[in-house]
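The values are calculated or read from the model by the stated rules, or taken from the named source; none is laboratory data. Keep in mind that what you see is a predicted model, and the values were worked out from it rather than measured. Positions of Cβ are generated from backbone atoms using ideal geometry, with glycine treated the same way; all protein chains shown enter the neighbour counts. Just the protein is used for accessible areas: all its heavy atoms, side chains included, with ligands, DNA and RNA removed. Shrake-Rupley method; radii C 1.70, N 1.55, O 1.52, S 1.80 Å.
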Amino acid sequence: ESSSWIIRGFEFGYGIGFIGNFGTYITIEDCYFHHAYRRAIFGTGYLSRVRRCTFDDAAIHGAWGAASLYEDNIFYKGNREWEEDIQHRVMNYHEGSGGFMFKGLGHGMVIRHNFFDGTGFWPDGDGTGCQVYGNAFHDNRGYAIYNEFAADDTLIIGNYMARCQAGVASSWSTRMNVVENFIEDCGSGVIWHTRDKWPLRNSYMLMR
């Protein structure tokens, strides 16, 4: 329940869950996270900022709060197969984890000017109005962006995606806009996985 903290210039390594952010106006910048195994930052912070950080074999996971900003970060690795994940393996839960993944909340988040190498962005569950622009995704063994289950009204614009399994995919979400992205040498460009849960008149998808 903290507010207005600034965490700057720290190195965090060899652990799980270095920072749990449950406050408001929290700023995390110029930090180096490495060997976090599953996640480096977790929480539901509102109006938070994560800027100019490096995540090396580390990830951002959580049910993020509204209007948070993530910019100028580097994400390297960070995604794991389910059998490499302690929490998933013990449950025999066959779903991997992404380098930047949230489940729930996440309203009005802005993800811009980040570099993703070997990992991607995975919004999943009730995250409306997310803006993803000006990012680069490279060498991801999965999707560059996988927009899933009620992550509605996502705007994906002006991103570069190369040598990924797929550029953008959508599953059980609505009104996603994929506009003016550059996608090359990917297994697929844009994938609509399933029929939307709402009538078509309320749930159009746009690709331009």
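Name the pairs: first residue in the stretch 110-123 and at negative phi and of a type in the set (Lys, Arg), second residue part of a loop (DSSP other than H, G, I, E, B) and at pLDDT 95 or above, Cβ to Cβ under 8 Å, at least 6 apart or on different chains? Here the result reads Arg112/Gly134; Arg112/Asn135, each pair linking the stretch 110-123 to a residue that is part of a loop (DSSP other than H, G, I, E, B) and at pLDDT 95 or above. Taken together, the criteria place Gly17 among residues that are open to solvent by 10 Å² or more (accessible area, probe 1.4 Å), within 17 Å of the chain's Cα centre (by Cα) and within 18 Å of Arg80 (Cβ to Cβ). Tally time: how many residues in the stretch 81-97 are open to solvent by 10 Å² or more (accessible area, probe 1.4 Å), part of a loop (DSSP other than H, G, I, E, B) and at pLDDT below 80? Result for the stretch 81-97: 5.
The number of residues in the stretch 52-80 being modelled with pLDDT of 75 or more and part of a loop (DSSP other than H, G, I, E, B) comes to 11. Restricting Arg195, Arg141, Arg208, Arg201 to those that are modelled with pLDDT of 90 or more and open to solvent by 70 Å² or more (accessible area, probe 1.4 Å) reduces the list to Arg208.
If you filter the stretch 164-189 down to residues that are exposed (fewer than 15 other Cβ atoms within 10 Å of the Cβ) and on the phi > 0 side of the Ramachandran plot, you find that the one that is farthest from the chain's Cα centre (by Cα) is Asp185. Within the option set Thr24, Thr44, being polar (S, T, N, Q), farther than 21 Å from Gly9 by Cβ and without any contact (Cβ under 8 Å) to a residue 60 or more places away in the chain holds for one residue only, Thr24. For the stretch 103-124, filtered to residues that are open to solvent by less than 30 Å² (accessible area, probe 1.4 Å) and in a loop (DSSP other than H, G, I, E, B), the residue that is farthest from Leu69 (Cα to Cα) is Gly118.
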